[in-house]
């Protein structure tokens with residue numbers, strides 16, 4: 001089973017992001033980036049690939065145990081190669097420490113907290129994505145208290161990925 005650990009923003013935060021994207025009118029079927037749907041929005045902390053669910057559940061629970069809840073907000077936007085994202089503000093240093101604890105390999109890419117909004121493969125989508133990122137530069141969502149890490153499974157079919165929460169590991173109050 002393909003698994004990853006994440007934090008999922010609450011509905012009111014996702015509503016604010018949805019509203020901001022609608023305000024700019026940037027999402028459309030003919031838009032060059034391929035937009036991720038709201039059910040896919042999350043902050044990835046660690047990716048495990050094909051892994052044993054019981055073992056990963058224990059591991060995530062152990063790493064989350066005793067760690068404080070985090071105050072987070074979505075903020076701004078930017079691009080990586082092939083990815084349009086919105087960033088994270090608030091307890092980002094503590095979020096990074098949590099991500100490192102949840103990763104098995106220290107050889108992974110450096111942690112850059114973000115929520116993926118869209119992806120593209122064609123170079124022609126890069127310029128529109130950068131314009132969208134610039135339009136979202138001043139975006140700030142309401143802050144929220146992230147009080148759990150979720151272990152999610154990912155199944156990909158011809159329609160794209162589907163994520164399902166397999167376990168919720170509480171963070172301390």
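Would you check if residue 64 is over 16 Å from the mean Cα position of the chain (by Cα), more than 13 Å from residue 113 (Cβ to Cβ) and surrounded by 20 or more Cβ atoms within 10 Å (Cβ to Cβ)?
yes
Where in the stretch 106-164 are there strands (runs of 3 or more DSSP E), lying fully within it, with 1 or more residues that are modelled with pLDDT under 90?
Passing ranges, in order: 114-119, 148-157.
Cβ contacts < 8 Å: first residue at positive phi, restricted to the stretch 83-101; second residue in a strand (DSSP E or B), any location; separation 6+ or different chain. Result?
These pairs meet every condition: 90/70; 90/71; 90/72; 90/73.
The values are calculated or read from the model by the stated rules, or taken from the named source; none is laboratory data. All values derive from a computational prediction rather than experimental measurement. Methodologically, a virtual Cβ is constructed for each residue, glycine included, from the backbone with ideal geometry; neighbour enumeration extends over all protein chains shown.
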